[in-house]
């Protein structure tokens with residue numbers, strides 16, 4: 001029976017009053033065990049004071065409510081990164097080889113592109129990516145960047161994205 005317990009996230013509202021918890025407020029979490037398993041209730045301190053003598057939870061504890069931090073803003077929207085990569089591939093200018101490589105890596109980390117292969121010769125290494133949604137193939141030469149070159153490439157990408165947004 002314990003193996004069937006699903007992890008339940010803390011509620012944002014009191015299970016008894018439906019009022020939203022304030023950040024830093026004292027709350028009580030109560031676990032009740034019944035025929036179907038466990039049931040979790042997160043309640044305010046005020047609600048706890050009203051019911052504590054009349055309930056018999058399987059377990060309970062007191063904690064402070066911590067509001068989830070807002071999702072961090074994406075430094076570069078996925079569509080802009082993908083659009084820029086497509087534009088740079090179509091232009092095929094050698095001076096943007098580093099930017100194409102870094103953009104492909106960013107899209108791989110965002111799970112937009114999936115590396116499906118690579119080819120290496122004495123002269124070059126080429127990475128082969130597939131777009132997860134469309135199935136399109138992207139062939140990206142690996143410029144064999146050094147760590148000390150990444151800041152310059154990052155600035156180049158920001159500059160190119162800025163120009164893309166401003167038309």
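The values are calculated or read from the model by the stated rules, or taken from the named source; none is laboratory data. The model shown is predicted, which means the values in this text are computed figures rather than measured ones. Methodologically, a virtual Cβ is constructed for each residue, glycine included, from the backbone with ideal geometry; neighbour enumeration extends over all protein chains shown.
Just name the residue that is farthest from residue 59 (Cα to Cα) out of those in the range 19-39 that are free of Cβ contacts under 8 Å to residues at least 24 places away in the same chain and within 29 Å of the chain's Cα centre (by Cα). The residue in question is 20.
Of the residues making up the range 37-48, those that are over 19 Å from residue 21 (Cα atoms) and surrounded by 14 or more Cβ atoms within 10 Å (Cβ to Cβ) are 38, 39.
The one condition from (1) within 14 Å of residue 82 (Cβ to Cβ); (2) loosely packed, with under 11 Cβ neighbours inside 10 Å; (3) at pLDDT 85 or above that residue 134 does not meet is (3). For the range 88-118, give me each residue that is closer than 18 Å to residue 135 by Cα and part of a helix (DSSP H, G or I). Correct list: 89, 90, 103, 104, 105, 106, 107, 108, 109. In the range 49-58 there is no residue that is in contact with a helix residue (DSSP H, G or I) (Cβ under 7 Å, 6 or more places away or on another chain) and either surrounded by 13 or more Cβ atoms within 10 Å (Cβ to Cβ) or part of a helix (DSSP H, G or I) (or both). Scanning the range 133-151 for residues that are touching a residue at least 24 places away in the same chain (Cβ under 8 Å) and in a helix (DSSP H, G or I) turns up 149, 150.
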